[in-house]
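Beneath this line is the structure, given in structure tokens, with notes to follow.
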Amino acid sequence: MKMQRKELMRGVEGCLLLVVMIFLLALAAMKLGSLSITYKELFQGLFVSYDKRVATIYDLRFPRIIVALLGGAALSCSGLLFQAVLKNPLADPGIIGISGGAALTTTLVAGLFPTLYFSVPLFSFLGGMAAFILIYSLAWKGVLDPIRIILIGIAVAAVFTGLSDVLSGLTNRTGVSVSVSGLAQLVWSDVRVMAVYASIGLVAAFILAPACNLMALDDQTVRGLGVNVDRLRLIISVAAVLLVSGVTSVVGVVGFLALIVPHIARRIIGSDHRILVPFCTLLGGFVLLLADTIGRCIAPPNEISASVIMSIVGGPFFIFLLKRGEHRDKR
């Protein structure tokens with residue numbers, strides 16, 4: 001009981017600290033960039049009198065800040081749910097191919113059926129769910145083998161990414177693929193789409209947090225408690241796919257964030273998903289906004305996509321986790 005109370009207090013303190021850090025980072029993100037402005041001018045332009053520079057910041061920077069926070073929260077919680085349901089600490093929707101399936105259907109619908117543009121997130125979800133079912137079916141051999149899931153997922157993700165790039169080159173005049181897109185040029189309509197899908201998925205993640213704790217147990221033990229393990233696994237998976245698909249349809253594929261954030265969160269506050277879900281929600285938003293802000297400020301007016309920043313950081317982190325897993329197996 002004392003340990004649970006201690007974990008709870010550490011989680012609450014961590015969440016409060018993250019709220020402060022997010023607020024400070026958002027203030028910095030509003031100001032930093034090729035268009036410089038003081039906070040006084042920003043406040044006056046928002047609430048006192050019209051200012052063209054402030055209007056530009058409001059229309060360009062505010063949407064990407066909000067989408068970064070919502071997208072990072074959704075991706076991190078998606079990774080947390082996948083790691084719970086697959087019992088695999090290396091599970092990441094980008095690595096195991098879920099993001100690739102969502103990106104492929106997004107590119108297909110947006111390129112070939114532009115009149116269905118506002119339905120793209122729904123098709124993205126269906127593509128992500130189809131990818132999950134495909135990978136799950138190929139990897140299932142009586143039990144879930146974590147290494148088999150990773151290997152099959154990497155292969156399927158490569159195929160989906162290649163097909164998505166081909167479709168993008170054939171249908172998109174700009175030649176920009178969903179698989180390499182980012183947070184630039186987002187508008188308020190993107191915020192509304194992200195808010196709907198992220199809100200539904202995050203609420204589901206909060207509700208399913210106790211169930212994720214059950215998934216840490218052996219399947220036979222869970223069945224002994226009267227729980228339908230397969231149905232619970234499917235419900236958690238649907239919520240995870242919804243979260244990552246909503247982000248992919250708006251932002252594109254952002255790799256490794258869903259892998260890194262849950263690991264950092266567990267190191268800080270423990271393994272209770274009732275605390276992990278809100279902590280990952282805040283930490284994921286902070287990390288993606290930080291990556292986007294760094295990408296905007298490294299070489300202005302040029303920008304480096306947040307997905308590229310996350311890949312540079314996440315690749316070595318993934319290798320580190322693999323090496324640490326090998327050391328544990330030898331013991």
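The values are calculated or read from the model by the stated rules, or taken from the named source; none is laboratory data. On a predicted model such as this, the values are computed, not experimentally measured, just so you know. We place every Cβ from the backbone using ideal geometry, glycine too, and count neighbours over all the protein chains shown. Areas reflect the complete protein model, heavy atoms only, side chains present, ligands, DNA and RNA absent. Shrake-Rupley method; radii C 1.70, N 1.55, O 1.52, S 1.80 Å.
Worth a mention:
- Three-way shape call for the range 1-63 based on the alpha-carbon gyration tensor, with the a/c threshold at 1.5: prolate
- Label-to-label distance for residue 185 and residue 200 is 2.7 nm, based on points extended 7 Å past Cα in the beta-carbon direction.
- Acute angle (nearest 10 degrees) that the helix 120-139 long axis makes with the longest principal axis of the chain, alpha-carbon atoms: 30 degrees
- Sites residue 134 and residue 294, calculated FRET efficiency, Cβ-Cβ separation with R0 25 Å, nearest 0.05: 0.10
- In order along the range 91-106, the phi-based Karplus estimate (6.51 cos²θ - 1.76 cosθ + 1.60, θ = phi - 60°) of 3J(HN,Hα) comes to 5, 8, x, x, 5, 8, x, 5, 4, x, x, 5, 5, 5, 5, 4 Hz; Gly and Pro are listed as x.
- Full extension of the chain segment joining residue 207 with residue 40 gains 56.0 nm, where the gain is 0.36 nm per residue of separation less the Cα-Cα distance.
- Estimated FRET transfer efficiency when R0 is 35 angstrom, pair residue 302-residue 154 (beta carbons, to 0.05): 0.70
- Karplus-based coupling profile of the range 219-233, in residue order and whole Hz: 4, 5, 5, 5, 5, x, 8, x, 9, 7, 5, 5, 5, 5, 4, with θ = phi - 60° in 6.51 cos²θ - 1.76 cosθ + 1.60 and x standing for Gly or Pro.
- Length released on extending from residue 271 to residue 53, taking residue separation times 0.36 nm less the Cα-Cα span: 73.9 nm
- Entry comment: accessible area of the range 1-68 is 68 Å² per residue, from protein heavy atoms only and a probe of 1.4 Å.
- Distances between every pair of Cα atoms in the chain, grouped in 10 Å steps from 0 to the bin holding the largest one, split as 6, 26, 34, 23, 9, 2, 0 percent.
- Relative contact order (percent, whole number), the chain, Cα cutoff 8 Å, 6+ residue spacing: 30 percent
- For the chain, lysine pairs separated by 8 or more sequence positions, or belonging to different chains, with Cα-Cα distances below 17 Å total 4.
- Placing a pseudo-label 7 Å from each Cα along the Cα-to-Cβ vector at residue 231 and residue 21 gives an inter-label distance of 4.0 nm.
- Sulfur and carbon atoms: percent of accessible area, the chain [1.4 Å]: 68 percent
- When the Gaussian network model of the chain links Cα atoms closer than 10 Å, the mean-square fluctuations of 24, 183, 282 top out at 24.
- Length-normalised contact order of the range 187-302 in % [C-alpha pairs under 8 Å, at least 6 apart]: 30 percent
- Net charge of the neighbourhood of residue 257, taken over other residues with C-beta under 14 Å away and scored Lys/Arg +1, Asp/Glu -1, is -2.
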